[in-house]
Amino acid sequence: MIMRYENDLICENLSVNNAGHLCLGGQDVEVLAKRFGTPLYLMDEDHIRARCRAYLSAVKDAFGGRCRVLYASKAASYKYIYEIMREEGMGIDVVSPGEIHTAVCAGYPMENAFFHSNNKSDDDIRAAMDAGVGYFVSDSSEELLAIDREAAARGIRQNILLRLTPGIDPHTFEAVATGKVDSKFGFGIPTGEAEKATKLALSLKNTVLCGFHSHIGSQVFEPDIFLRAADIMLRFIALVKSKYGFEAPMLNLGGGFGVPYTAKNPKLDIPKTIGEIGTFVGHLSDELGIKRPEICFEPGRSIVADAGMTVYTVGSVKEVPGYRTYVSVNGGMTDNIRYALYGSAYTILPALKMNEARELTADVVGRCCESGDILQKNVLLPRSIARGDLLACLTTGAYNYSMASNYNRVPRPPVVMLHGGEATVAVRRETWDDLVALDL
Ligand SMILES: *Cc1c(COP(=O)(O)O)cnc(C)c1O
């Protein structure tokens, strides 16, 4: 019986060739695994660039010239990605001096960078100003005062936005919901904190308040939720205009656009959603009597997630009679902690046996000394799966490499970019010597 995998080819850059091998961006995963070794992060660069262009053209259609798309670089942060963003004319969002340094090393023009984080230390603030970061997105009154002090010491006026929490529940997983009032992020609009912070920001002499920011959470599939956030934010802009005479020129609506990880996830039509937000923002701004602000979006996951795939080699297939079968691979929570951390769903495919029937249900587990080191439970695999087989975990382009660790002194895999039928190492594989490089 030939079992087909069409349903599991959840992104258009996936295919199966005549040999029954899984391909990413048209390249046979087996060939890449032989050339670069496993575990291996693959990234379809053509797909990343196509996503950037799709976003840029959608916001241009929806908002005319007054809009920006910022790549939320915590999703995947290394020099090569910032080079792509520079070439594609994308802004970036950074959350630490480490990300800032990486972007600077990639020659990224930092005036287009927005610096987030709910806790920027004085050193962080200095490092960001040294790098010439364009905008600080501020999250607390202590931080506002610290930014103002540092800008004063340098004789500059620093552009800032205030991060606000609109107080809505994005119907996503608790750990990735950020727009609720009870959150470590932002100043709450419903609690009055947002208005207080605005008053404070407007009183500072060395900062320029450019507008407001909200990010409601991640893996949002309902377009409505973005409209509700835009509604609350625009009404806040109108309130600030009427009470304090300040009309915010910029509104950053954050990221969070959902990406399918399995055939069960819905597909969000991002250009269509942005179009709807554009219409909504236009009408409501007119109704409220405010100028249409420059709109920013900050997608991370939806730029890089389904460009990525992780390739592993199977080591053992262990059946525990009466319980389950464990298929162990040569990576795990060190390169993908998301199942262990939030129970994230992933699609895992037998990269060399795509045409075989899948009759074995198994838990795919990692190599770490940790029972929680699970990549995914109840994965359907061919009965013939055995030592030396390749497994491909799909949609690992976001929050995998950037969350990777050296637990158990496991070196991190390389990141290989696929473009136009070629493959380029963007981040090399860590060596055992790298692991002791910091040990004195
Ligand atoms: C993480 C984050 C994003 C990106 O979220 P995605 O779900 O990856 O699109 C955008 N803005 C802020 C402030 C974030 O913290």
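Tell me which helices (runs of 4 or more DSSP H) are completely within the range 62-148 and hold 2 or more residues being modelled with pLDDT of 95 or more and closer than 27 Å to Glu193 by Cα, or say none if there are none.
Details: elements: 79-88, 97-105, 122-130.
Qualifying helices (runs of 4 or more DSSP H): 122-130.
Which condition from (1) within 13 Å of the ligand (Cβ to nearest atom); (2) assigned to a loop (DSSP other than H, G, I, E, B); (3) not small (Gly, Ala, Ser) is the one that Lys291 breaks?
(1)
Among the numbered conditions (1) open to solvent by less than 20 Å² (accessible area, probe 1.4 Å); (2) within 16 Å of the ligand (Cβ to nearest atom), tell me where Ala106 comes up short.
Every condition holds for Ala106 apart from (2).
Within the range 123-166, take every residue that is β-branched (Val, Ile, Thr) and under 26 Å from the mean Cα position of the chain (by Cα) and give me the one that is nearest to Val181 (Cα to Cα).
Of everything passing the filter in the range 123-166, Thr165 is nearest to Val181 (Cα to Cα).
When only residues in the range 154-181 that are outside any strand (DSSP E or B) and at pLDDT 80 or above count, which is farthest from the ligand (Cβ to nearest atom)? Give the steps one after another, and end with the answer.
Within the range 154-181, the subset outside any strand (DSSP E or B) is 154-157, 166-176, 178-181.
From the residues that got through so far, the ones that are at pLDDT 80 or above too are 154-157, 166-168.
Values: Arg154: 25, Gly155: 29, Ile156: 24, Arg157: 23, Pro166: 13, Gly167: 16, Ile168: 15 Å.
That would be Gly155.
I'm checking my understanding of the structure. Among residues of the range 244-269 that are touching a residue at least 40 places away in the same chain (Cβ under 8 Å) and away from the ligand (no atom under 16 Å from the Cβ), which one is surrounded by the fewest Cβ atoms within 10 Å (Cβ to Cβ)?
Filtering the range 244-269 for residues that are touching a residue at least 40 places away in the same chain (Cβ under 8 Å) and away from the ligand (no atom under 16 Å from the Cβ), the one surrounded by the fewest Cβ atoms within 10 Å (Cβ to Cβ) comes out as Lys264.
Restricting to the range 202-222, and then to whatever is of a type in the set (Gly, Ala, Ser) and in contact with an Asp or Glu (Cβ under 9 Å, 6 or more places away or on another chain), can you tell me which residue is surrounded by the most Cβ atoms within 10 Å (Cβ to Cβ)? Let's see the steps before the verdict.
Step one: list which residues in the range 202-222 are of a type in the set (Gly, Ala, Ser), which gives 203, 211, 214, 217-218.
Then keep just the ones that are in contact with an Asp or Glu (Cβ under 9 Å, 6 or more places away or on another chain); that gives 211, 217.
Details: Gly211: 23, Gly217: 25.
That would be Gly217.
Residue-by-condition table, conditions (1) in a strand (DSSP E or B); (2) open to solvent by less than 40 Å² (accessible area, probe 1.4 Å); (3) under 22 Å from Val415 (Cβ atoms):
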site	(1), (2), (3)
Lys318	yes, no, no
Thr325	yes, yes, no
Gly331	no, yes, yes
Ala340	no, no, yes
Ala345	no, no, no
Asp363	yes, yes, no
Arg367	no, no, yes
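A quick yes/no check of all residues on (1) among the small types (Gly, Ala, Ser); (2) not in a helix (DSSP H, G or I):
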| site | (1), (2) |
| --- | --- |
| Ser183 | yes, yes |
| Ala197 | yes, no |
| Leu202 | no, no |
| Lys205 | no, yes |
| Cys210 | no, yes |
| His215 | no, yes |
| Asp224 | no, no |
| Arg228 | no, no |
| Leu234 | no, no |
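The values are calculated or read from the model by the stated rules, or taken from the named source; none is laboratory data. All figures in this text were calculated on a predicted structure; none of them were measured in a lab. Note: ideal-geometry Cβ built from the backbone for every residue, glycine included; neighbour counts use all protein chains shown. Side chains included, ligands, DNA and RNA excluded: accessible areas come from the protein's heavy atoms. Shrake-Rupley method; radii C 1.70, N 1.55, O 1.52, S 1.80 Å.
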